[in-house]
Each structure stands twice: as C-alpha cells, then as structure tokens.
Amino acid sequence: MTTSVIPDDRPTRTVRPVPDADPERVHAAIDAVEPGPLLMTLVHLTDDRALLTEFRERIAAAKAAHPERVLRPGEYPEEVADEVRRRAHDILPRLPGGLVPLLRVPDEDLFMEMVRVATDDTVGPEYGPYLREQGGFAGLPESASEHRPVPPGFRVAVVGAGMIGINAAVKLAEAGFEYRVFEAGDDIGGTWARNTYPGAAVDTPSHFYSYSFELNPEWSKFYPTGPEYLRYLHHVADKYKIRDDIALSHRVLGCAWVDERQIWRVTVAGPDGATEVYEANAVITATGVLNSAYVPEVPGRESFAGATMHTAEWDDSVDLDGKRVVVLGTGCTSVQVVASLAGRPGHLDVVFRQPHWIAPERNVISRVDDATRWAMRHVPYYQQWYRLVTHWFTADKSFAIPRIDEEWYATHVSSSPANDVLMRICLQHLHEELGDRPDLVEMLTPDFPPFAKRIVKDPGFLAALRRDDVALHRASFERIEPDGVRLTSGDFLPADVIIWATGFRLEYLGFLDVVGRDGVTLAERWDGGRDPRAHLGVTVPGFPNFFVTAGPNAAPNHGGGHNVTSEEHVHYVIECLRHLVDHGYTAMEPTPEATREYNERVDAELDRTVWQHPGTANGYYRNTAGRAWVTCPWRLVDYWAMLRAPDPESLLLYKRPTAETAQAGAERS
C-alpha cells in the first residue's frame with residue numbers, strides 16, 4: 001500500500017491510497033532513499049511520536065561511540081540508517097489503505113520535533129511556518145480570512161515570464177487579479193530558455209529548486225539540467241493554465257505613472273515592432289538582474305577570422321570537434337561548459353583572471369535512480385521531507401559562513417572558523433583532483449574568503465583540467481588577432497573558436513524607462529543604476545504600485561535559491577495588492593523614511609560580511625562604488641517573515657489622485 005501519482009488537477013501535497021502496491025517496489029524504494037525523510041514518513045503513517053525520541057537517542061549514541069566518523073550534513077550513522085530501513089520494511093508494505101487518507105501535517109510542536117530529528121540538527125522554532133511552506137506541506141493561513149472582490153478592470157502588468165513571472169501569474173490568477181505577462185523572448189523560462197550552452201545546469205538541488213506549491217518528483221538528476229528545468233516551467237504554465245495571459249515576443253519599453261488616473265501606462269513593442277500601450281493599476285517587474293550578456297572590449301575583436309559566441313547566445317551550428325577553442329572565464333557557466341566540452345575540441349584553452357572557490361558536490365552530476373523517483377512519487381510525504389532536509393543544509397545552515405570574525409580574519413584568508421571549514425573543504429578537493437599539478441593548484445587557489453564571490457560547484461571541471469588537450473591560463477585577453485588570442489601574460493593561443501563565458505552585466509532595470517510621480521525617473525532615483533535602493537528590496541518611494549522583484553539586496557547569496565526569493569516577493573506583492581483592494585486604496589508606495597532606515601540596516605549588517613568588507617574580491621556582488629548591492633543580509637527565515645504582509649506604518653496609501661494628496665498629505669492606515 002502506498003500513494004499514487006497526483007493528477008495535474010490536484011495539489012502535489014495531497015496523498016491518495018493505492019490498494020495494490022507491488023511489495024518489491026516498496027522494498028526497493030526503502031533501500032534507495034535517505035533514512036531521515038523516510039523516518040518522518042513512518043511518523044506520519046503510524047502517528048508514533050516515540051519514534052522521534054528513540055531515534056534521536058540512537059543517533060546520539062552512535063556518534064558518541066564513533067567520534068572519528070565524518071558524516072555528511074544530515075547523514076545518519078550507518079547502524080541508525082539500517083534500523084530506520086528495517087522498520088520501514090516491516091511497516092510500509094503492511095499498512096492498510098485506510099490509514100493513508102488520515103495523514104495530516106502535524107501541529108507546530110510535533111512538526112519542529114520532526115524537523116530536528118530529520119536534519120539531526122538544532123533548528124529554531126521560528127522556522128516552523130517557513131519550513132512548512134518551503135517543504136511543500138499544507139499551505140499557510142492567509143493574512144486575512146476574507147478579502148474583498150477585486151474590482152472589475154483592476155489590472156496588473158508583469159514584465160518577464162521566467163521563474164518569477166510564471167510564479168506571479170499563478171498567484172495573481174489565484175487571488176482573482178486580471179493580469180498580462182509580457183515576455184521579450186519567444187518562449188517562457190527566462191534564463192533557462194536563453195542559456196542552451198553544453199552543460200547548462202542549475203547549481204541548486206533539483207528537489208528544492210522548484211515552487212513549494214508545485215513539487216516535482218520526476219527530476220532525473222539531483223541538480224537539474226537547463227533543458228529539464230525549462231520543461232518543469234512549461235509544465236507549471238500548462239498545469240495552471242496561464243499561457244493565454246502571456247504575450248511572447250512582446251518587449252516592454254517603459255512605463256509611466258499617470259497621477260490623475262492612478263494608473264501605469266506601459267509601452268510594449270510587439271513582434272512586428274509596432275508599439276501599444278497597456279494600462280495597468282500595478283506593475284511587477286520579473287526580469288531578474290542578469291539580462292545583458294557581457295562581452296569585454298578587447299582590441300582586435302573584429303579581426304578574428306574564426307567564430308565567437310557568448311554562452312548565453314550559444315550557436316549550435318558552430319563545429320567544435322577537433323577545433324582549437326579558447327574559453328574566457330572560470331565562473332559557474334565556464335566550469336559547466338569546460339566539463340561538458342572537454343574531449344571534443346582538438347585543444348581547449350581556459351583563460352581566467354581570478355579563481356573562484358570550487359566546492360565538491362557529489363550529486364551535481366548524479367542521476368536520481370528509479371527506486372528513489374518511485375519513492376518521491378508514491379511514499380507519503382517522502383519528497384516533502386527530502387526537500388526540507390536538502391533546503392536546510394543548502395540555505396540558512398550556511399548563514400554564518402560569510403560573516404566576519406574580525407580577530408580571526410586579521411590573521412587568516414578565511415573570515416571566521418565557519419568560513420575556514422568551507423575553505424578547507426574546497427582546498428582538499430582541489431588537492432585531491434590536481435595534487436600532481438602544483439602549478440594548477442597555485443593558479444586555482446583564491447586569496448579571498450569563500451563566499452566573497454559566488455561558490456562554484458564542480459561538475460567535473462577540475463578533472464577536465466588534467467587532460468593533455470586542456471590548458472589553463474591565469475591571465476586576460478590583451479588582444480585578439482585573426483588566428484588567435486594574445487594574453488596579458490605574453491602567451492599567444494591559436495584559436496578557431498572563442499567562447500565568452502563572461503556572464504552578464506548586472507543591471508537593475510537599466511534597460512527600462514520608468515517614470516514615476518512628478519516625472520521622476522527610476523534611473524534618476526537610482527543614480528543612473530549605480531546605486532539602486534528599495535524598501536524590502538521590492539518597492540521604491542515615488543513609484544506607486546511598482547514592484548521590483550529580485551530587486552537590490554534581495555539575493556540569498558549565503559544559500560538557498562532564486563526560487564525562495566521568487567515566492568517571497570510574489571507573496572508580498574499579492575498581499576500589497578490585496579491591502580489596496582480590502583481597504584479601498586488606489587495606490588501605495590514606501591515612505592522615504594522607511595526606505596532609508598531599511599537600507600541603513602542592510603548596509604550595517606552587510607558591513608560585517610565578506611561581501612562588503614575591505615580586502616575581499618571584486619565581482620558583480622558589488623557596484624562601482626564598492627557597495628554590496630546584490631546580497632540580502634538576513635537569514636532566509638527573517639526575510640520571509642518581513643515579507644508576510646505590508647506594514648501600513650511604512651507606506652503612503654492613496655485614495656485620491658496623487659496631485660491632491662501631495663497638498664493634503666497622504667492618507668495613512
């Protein structure tokens with residue numbers, strides 16, 4: 001007995017009994033899966049809370065008896081894992097079908113006890129609602145039990161149909177708002193529609209890097225490839241029936257706030273170049289910040305006789321087999337490309353200016369076996385608990401790592417003891433892979449703390465560097481010549497193909513002409529894009545009903561994934577729009593005071609981290625003034641709590657045309 005695959009018209013968190021499960025499939029699944037999440041399934045099915053006490057004690061005793069063992073985060077000692085599986089072999093095949101419909105999400109105290117045993121870690125009570133949501137369990141109560149109907153004609157414009165735009169469309173539809181999504185490309189999916197280079201993949205675990213309201217038990221790898229993730233986004237768009245409200249090949253050129261009507265006029269260019277104006281009560285930008293491919297200005301670039309391409313503009317028609325290929329960069333994209341291409345070109349040169357810390361991750365290229373996928377589909381709540389445990393150890397568990405211990409940092413490359421642990425893991429991996437190549441080890445060892453630049457998870461990049469037909473160069477391009485590249489080191493690399501793995505220009509809506517109240521542009525407010533600031537990373541004074549998702553200082557760079565920010569921001573936007581409707585307001589914006597105070601707290605917190613501290617590496621995490629402008633300084637759970645609902649005390653709320661309220665003072669809740 002177990003549960004069936006959930007049909008597309010049912011929530012993924014629902015479970016149903018299957019009267020005739022194959023016992024061999026059940027036993028194979030038990031042997032394949034992780035014991036912590038499996039134990040939580042047994043607690044759900046038996047309602048036996050004593051299992052938690054028993055296995056907490058078993059884990060502690062096993063660790064005490066064998067202190068020399070090194071366990072992965074959340075890994076159970078072998079003898080404890082064996083006992084969990086023995087119990088599951090005894091219990092799961094014998095359960096009567098009638099028990100499964102009685103499964104329930106436990107109360108808060110029991111849930112947190114289960115979390116602590118599942119992770120074998122200390123997890124504070126504040127994480128209860130957050131992990132319940134992000135684990136994909138039953139939805140949380142809404143901010144209000146009842147909401148007023150959305151007035152006819154209240155429309156929302158969404159710019160972009162990537163992860164956040166799709167999320168916004170689903171949640172706007174659920175809340176009853178009329179909306180239109182404008183996507184400049186010819187497909188939905190954002191990054192994953194655009195990046196089709198060999199080896200393109202997500203560097204966040206598959207079972208976590210998805211919407212909490214739409215878990216996917218079918219991932220073929222523990223880290224999804226780009227094509228598979230794009231298929232997931234297409235599945236979501238189809239299941240939630242949002243495609244008819246997405247206008248593909250429609251580029252938003254700009255938008256302007258009309259005071260007297262309390263609306264935005266959004267100018268859109270269609271596939272034929274003709275423009276139209278879409279009037280909306282609110283605008284949600286869902287464009288991300290890495291949109292414009294960055295190709296450095298190198299003298300002689302136009303003289304090159306071979307082919308060139310950026311990884312974000314991959315050209316499959318270019319034949320790489322047997323050719324002399326030069327790749328510039330060693331970030332996340334470059335290591336994926338190099339690991340994937342190694343062996344195809346006649347010779348592959350990798351050129352980089354500054355190394356990244358490269359971390360081992362055994363699951364980056366690992367496939368999910370059939371038995372585990374069967375368990376994800378059929379074993380009650382297994383995939384939710386697997387997702388929760390995975391999330392915990394890839395998110396706030398890492399919060400301390402980028403923080404600076406001033407006394408420690410004064411004498412170490414690493415910034416703290418916690419940071420040092422990660423640094424040593426990376427160094428060990430580097431020496432294990434390239435120990436017989438001290439020249440490569442030296443080139444690839446950074447002189448800054450881990451997390452100062454984005455951590456790279458190794459998909460086989462270091463192994464590729466051991467090949468005779470792959471060469472590494474710590475330098476930059478000095479000049480491009482017709483038949484190759486001259487490096488700043490003086491070396492000349494013959495080349496038939498140049499691949500720019502140089503990432504994107506980070507810009508916060510610099511490509512969009514946004515005009516707010518009193519004719520002030522967003523570019524002016526943000527100093528030409530050089531110093532963007534927002535309240536909670538979402539709203540900007542002077543721009544009513546304008547919501548910037550993935551805005552400044554909103555990225556969870558210590559861990560987690562873009563999917564968490566996506567859901568947090570979309571939830572906050574929906575709550576803001578509901579607040580307008582429920583209270584009869586026409587518009588809202590943050591007060592300058594609240595925005596200033598919030599950003600002062602952001603800067604003060606970031607000043608104690610490797611992202612902002614003097615002496616750490618430069619990169620896209622910082623603006624031209626050296627300010628950390630990408631990273632959110634808070635724990636994910638804290639930022640999540642900040643975005644549960646708007647605080648009226650931090651807002652200007654309008655019921656009349658803005659020109660009038662500017663004289664009389666904005667109405668405040």
Scan (1) within 22 Å of ARG72 (Cβ to Cβ); (2) modelled with pLDDT under 95; (3) outside any helix (DSSP H, G or I); (4) in contact with a helix residue (DSSP H, G or I) (Cβ under 7 Å, 6 or more places away or on another chain) for the single condition ILE401 breaks and write down its number.
(2)
Which residue out of ASN545, ASN563, ASN599, ASN623 is in contact (Cβ under 8 Å) with a residue 24 or more places away in the chain and within 30 Å of HIS412 (Cβ to Cβ)?
ASN623
Residue count, the stretch 262-287 (criterion: in contact (Cβ under 8 Å) with a residue 24 or more places away in the chain and part of a loop (DSSP other than H, G, I, E, B)):
4
What helices (runs of 4 or more DSSP H) completely inside the stretch 513-630 contain at least 3 residues that are hydrophobic (A, V, I, L, M, F, W, C)?
562-583, 592-606
Restricting the stretch 270-304 to residues that are of a type in the set (S, T, N, Q), assigned by TED's automatic domain parsing to the domain that holds ALA555 and modelled with pLDDT of 95 or more, which is nearest to ASP259 (Cα to Cα)?
ASN281
Would you say TYR127 is among the aromatic types (Phe, Trp, Tyr), out of contact with any Gly (no Cβ under 7 Å at 6 or more places or on another chain) and over 30 Å from VAL266 (Cα atoms)?
yes
Kindly establish whether ARG194 is under 30 Å from VAL456 (Cβ atoms), crowded, with 18+ Cβ neighbours inside 10 Å and charged (D, E, K, R).
yes
For ALA144, which of the numbered conditions (1) farther than 18 Å from GLU567 by Cβ; (2) at pLDDT 95 or above fails to hold?
(2)
Look through the stretch 59-74, keep the residues that are at pLDDT 95 or above and crowded, with 18+ Cβ neighbours inside 10 Å, and return whichever of them is nearest to VAL115 (Cα to Cα).
ILE59
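Of all residues in the stretch 488-501, which are in contact with a strand residue (DSSP E or B) (Cβ under 6 Å, 6 or more places away or on another chain) and either of a type outside the set (Val, Ile, Thr) or buried (at least 20 other Cβ atoms within 10 Å of the Cβ) (or both)?
First, pick out the residues of the stretch 488-501 that are in contact with a strand residue (DSSP E or B) (Cβ under 6 Å, 6 or more places away or on another chain): 488, 492-501.
Within the stretch 488-501, PHE492, LEU493, PRO494, ALA495, ASP496, VAL497, ILE498, ILE499, TRP500, ALA501 meet the criteria.
The values are calculated or read from the model by the stated rules, or taken from the named source; none is laboratory data. Fair warning: this is a prediction, and the values are worked out from it, not measured in the lab. All Cβ positions, glycine included, derive from the backbone under ideal geometry; neighbour counts span all protein chains shown.
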